[in-house]
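Novice: Following this message is one structure expressed as structure tokens.
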Amino acid sequence: MKEQILKILRETNDFISGEVMCEVFGITRSAIWKHIKTLKEEGYEIESSTKKGYKLKSAPDTLSFAELSPYLKTKLIGKKVLYLDTVDSTNNYGKIIALDGAPDGTVIVSEEQTSGRGRLERNFLSPKYKGIWTSIIVRPSLEPIMAGRLTQIAAAALHLAIKEQNIISQIKWPNDIVVNGKKVAGVLIELNCELSEIKYVVVGVGINVNLDKEDFSNELQEKATSLKIEKEESINRKQLLGDFLNYFEKLYDEFIETEEMPTTLQLCKDNSAILGKEIKIINREKEEIGVALDIAPDGNLVVKYNDGKIKKIFSGEVSVRGLNGYI
Ligand code: BTN
């Protein structure tokens, strides 16, 4: 009922009387008032007038389904959104509900993560209301070996969504999005499979949207930034998340329909932060230097090593760095 009241308030640009709402919804005036009170507590600014009724003046900057849905154009992704105030990690939560049968396309969004995780067991800073911390559960009928490609699909979708904000980003294979040489977003996919069949994949995405410089430790400031810092203005998180999920679905559909991902690959190559450059490939303690030549159709990176050998590297265990720093 609360959602329906919010919908009618949004659709009516002016005041709407309590009486009309009582009639439309078949509930009492005091029930309407209780829902309005809850909406106000959630951050909606609603003007009340004894004569004219209620008018929505502004909505809070939250990523609830009510706030996000006007931006979504998807058929599958985000048809079900679980919105949390706080959680340890949306990927952890995603894995639990996926085991419990959460449907294909379910999206988990949390306003903060207390133990956000990155690749290679790194921590991922996720302060409240400042970013987008989200996980998508997908259940493609594919062989497990194909799952890694979802990292490139999410990275390409991130690049496109960020571009809608007039910010040019680069994709640092395999899973980082970079603006002006510093990381603004990352992707962490986690897979549950049987021998020849994916049961589910949790595609975790973290975007540093409206973090300020002080939110990052001195050490992190060297290699991480936010879209707000780079654009010098706050970004609409709902628009950005909506755009990301819309692009993700488009690129995911292409992949599911054809088992190939030409659009994603083109985007990852055209906007790569590392192709053509000398890079350091760090695999556990071992470091090797080579030139990043290409991204293969399976999403792996093709590298020419200093001894002249050309090899494909799989993202699983490696970390890629520029010769003098992050890229
Ligand atoms: C990386 O930088 O290595 C990947 C970062 C992925 C962070 C996102 S935030 C939402 C989801 N939940 C997590 O704990 N991690 C991912």
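Novice: At 222 nm, what value in deg cm²/dmol follows for the chain if DSSP H runs of at least 4 each add -39500 (n - 2.57) and the sum is divided by all its residues, to the nearest 500?
Specialist: -9000 deg cm²/dmol
Novice: Search the structure for amide H atoms under 5 Å from the amide H of Tyr200, placed 1.01 Å from N in the peptide plane, and list their residues when 5 or more places away or on another chain.
Specialist: Asn192
Novice: Can you tell me the accessible area per residue over the chain, all protein chains present, probe 1.4 angstrom, in square angstrom?
Specialist: Per residue, the chain has 49 Å² of solvent-accessible surface.
Novice: At Phe65 and Thr258, where each label point lies 7 Å from the Cα along Cα→Cβ, what is the point-to-point distance in nanometres?
Specialist: Spacing of the two 7 Å Cα→Cβ label points: 3.3 nm.
Novice: Any chance you could run the full-extension gain for Lys40 through Asp100? It's 0.36 nm times the residue separation minus the Cα-Cα distance, nm to one decimal.
Specialist: Result: 18.2 nm gained on full extension.
Novice: Then there is this: What are the ³J(HN,Hα) values, in whole Hz, obtained from phi via the Karplus relation 6.51 cos²θ - 1.76 cosθ + 1.60 with θ = phi - 60°, for each residue of segment 6-14 in sequence order, with x given for Gly and Pro?
Specialist: 4, 4, 5, 5, 5, 6, 8, 6, 10
Novice: Taking the Cα centre of the chain as origin and charging only Cβ (+1 Lys, Arg; -1 Asp, Glu), how large is the dipole, in debye to the nearest 20?
Specialist: That gives a dipole near 420 debye.
Novice: Leaving out ligands, DNA and RNA but keeping every protein chain, what accessible area does Thr12 have, in Å² rounded to the nearest 10, with a 1.4 Å probe?
Specialist: Probe radius 1.4 Å; accessible area of Thr12 about 40 Å².
Novice: Considering the chain as a Gaussian network with a 10 Å cut-off on Cα pairs, which listed residue, Met146, Met261, Met21, attains the greatest mean-square fluctuation?
Specialist: Ranking Met146, Met261, Met21 by mean-square fluctuation puts Met21 first.
Novice: What distance in nm separates the two pseudo spin-label positions at Asn13 and Trp33, each 7 Å out from Cα along the beta-carbon direction?
Specialist: 3.1 nm
Novice: In whole Hz, what ³J(HN,Hα) sequence does segment 38-43 give by Karplus (6.51, -1.76, 1.60; θ = phi - 60°), x for Gly and Pro?
Specialist: Working through the residues one at a time gives 4, 4, 4, 5, 7, x Hz.
Novice: Something else about it: What dipole magnitude, in Debye to the nearest 20, does segment 1-105 give about its Cα centre under +1 on Lys/Arg Cβ and -1 on Asp/Glu Cβ?
Specialist: Magnitude of the dipole: close to 280 debye.
Novice: Just to be sure I understand: with springs between alpha-carbon atoms less than 10 Å apart, which residue in Val87, Val201, Val209 has the highest mean-square fluctuation in the Gaussian network model of the chain?
Specialist: Val87
Novice: Now, a different point. May I ask you to give the average projected area over all directions of the convex hull of the Cα atoms of segment 2-58, in nm² rounded to one decimal?
Specialist: For segment 2-58, the mean projected area of the Cα convex hull comes to 3.3 nm².
Novice: Hey, another quick one. Of all the accessible heavy-atom surface of the chain, with the other protein chains kept in place and a 1.4 Å probe, what percent is carbon and sulfur?
Specialist: 48 percent
Novice: Between Lys269 and Leu323, what FRET efficiency comes out of the Förster formula 1/(1 + (r/R0)^6) with R0 = 25 Å and r the beta carbon distance, rounded to 0.05?
Specialist: So the FRET efficiency works out to roughly 0.75.
Novice: Something else: What base-10 log of the normalised intensity I(q)/I(0) is obtained for segment 179-225 from the Debye formula, alpha carbons as equal point scatterers, at q = 0.23, 0.34 Å⁻¹?
Specialist: -0.81, -1.19
Novice: While we're on this one: Once the piece of chain linking Ser115 and Glu219 is laid out straight, how much longer is it, given 0.36 nm per residue of separation minus the C-alpha distance between them?
Specialist: 35.6 nm
Novice: Which of Gly148, Gly116, Gly276 moves the most in a Gaussian network model of the chain with Cα springs under 10 Å?
Specialist: Between Gly148, Gly116, Gly276, it is Gly276 that shows the largest mean-square fluctuation.
Novice: How far apart, in nanometres, would the label points at Tyr83 and Glu233 be if each is projected 7 angstrom from Cα along the Cα-to-Cβ direction?
Specialist: Using points 7 Å along Cα→Cβ, the separation is 2.5 nm.
Novice: Restricting the count to DSSP beta bridges whose residues both fall in the chain, what percent are antiparallel, rounded to a multiple of 5?
Specialist: 90 percent
Novice: For Ser169, Ser49, Ser217, give the ranking by accessible area with the largest first, probe 1.4 Å.
Specialist: Highest to lowest solvent-accessible surface, that is Ser217, Ser49, Ser169.
Novice: Here's something else I'd like to know. Among Leu227, Gly325, Tyr305, flag the residue with its Cα farthest along the positive direction of the charge dipole of the chain, charges on Cβ as +1 for Lys/Arg and -1 for Asp/Glu.
Specialist: Leu227
Novice: Tally Lys and Arg at +1 and Asp and Glu at -1 over the other residues with C-beta under 15 Å from the C-beta of Leu6: what net charge comes out?
Specialist: Charge balance near Leu6 sits at +2.
Novice: In addition: Heavy atoms only, 1.4 Å probe, whole protein assembly: order Thr151, Thr258 by accessible area, highest first.
Specialist: Per-residue accessible area, sorted high to low, gives Thr258, Thr151.
Novice: Another question, then. Assign unit charges at the C-beta atoms only (+1 for Lys and Arg, -1 for Asp and Glu), then state the dipole size of segment 278-322 relative to its Cα centre in Debye, rounded to the nearest 20.
Specialist: That gives segment 278-322 a dipole magnitude of about 40 debye.
Novice: Another question, if that's okay. Please report Rg (one decimal) and Dmax (integer) in Å for the Cα set of the chain.
Specialist: Looking at the chain, its Cα Rg and Dmax stand at 22.1, 82 Å.
The values are calculated or read from the model by the stated rules, or taken from the named source; none is laboratory data. From a predicted model like this one, the values you see are computed outputs, not experimental measurements. Every residue, glycine as well, gets a Cβ built from its backbone with ideal geometry; the counts of neighbours run over all protein chains shown. Surface areas here come from the heavy atoms of the whole protein model, side chains and all, with no ligands, DNA or RNA. Shrake-Rupley method; radii C 1.70, N 1.55, O 1.52, S 1.80 Å.
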